[in-house]
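Engineer: Before I ask anything, here is the structure I am working with.
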Amino acid sequence: SGLCAEALRRGDTATLGQLMTYSHAVLARAGASNGRLDRLVDLCIGLGCLGAKLTGAGGGGSVLAVPPADPEEARGIAEGLAAKGYDSFFTKIPGRGARAWAE
């Protein structure tokens, strides 16, 4: 959404996380989620993520989450997820965004 894009431009991860969690609630209400995904979103937030939502078409068991900026806190979240049997990985959002090339 435009709000998420603006939060990304500002580097406002707290707002981004809130918007993602709200988006998940809307998708869950629309039937795109399931109990396992809802519990995983709740777990991510409970472990300290700033927000989380299902990703893809839903129902596939994947969640996108925004960890806190502190690397130690983020590692703690990954360890908490692993302790519950979930795989996770970190990635950085590119600063320049997507680019297109034309021949």
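Engineer: Quick one: in segment 1-30, of everything that is modelled with pLDDT under 90 and assigned to a loop (DSSP other than H, G, I, E, B), which residue is least open to solvent (accessible area, probe 1.4 Å)?
Structural biologist: Only one residue tops the list, namely Gly11.
Engineer: To continue, here is another question. Kindly indicate whether any position in segment 83-101 is open to solvent by 60 Å² or more (accessible area, probe 1.4 Å), of a type in the set (Lys, Arg) and at pLDDT 95 or above.
Structural biologist: yes
Engineer: Further question: Anything in segment 36-64 that is touching a Ser or Thr at 6+ places or on another chain (Cβ under 8 Å), among the aliphatic types (A, V, I, L, M) and open to solvent by 20 Å² or more (accessible area, probe 1.4 Å)? List them, or say none.
Structural biologist: Ile45, Leu50, Val63, Leu64
Engineer: In addition: Among the candidates Ala52, Ala14, single out the residue that is free of Cβ contacts under 8 Å to residues at least 60 places away in the same chain and within 16 Å of Phe89 (Cα to Cα).
Structural biologist: Ala52
The values are calculated or read from the model by the stated rules, or taken from the named source; none is laboratory data. The structure presented is a predicted model; accordingly, all values stated were derived computationally and were not measured. Here Cβ is always computed from backbone atoms with ideal geometry, including for glycine, and neighbour counts include all displayed protein chains. Please note that ligands, DNA and RNA were not included when accessible areas were found on the heavy atoms of the full protein model with its side chains. Shrake-Rupley method; radii C 1.70, N 1.55, O 1.52, S 1.80 Å.
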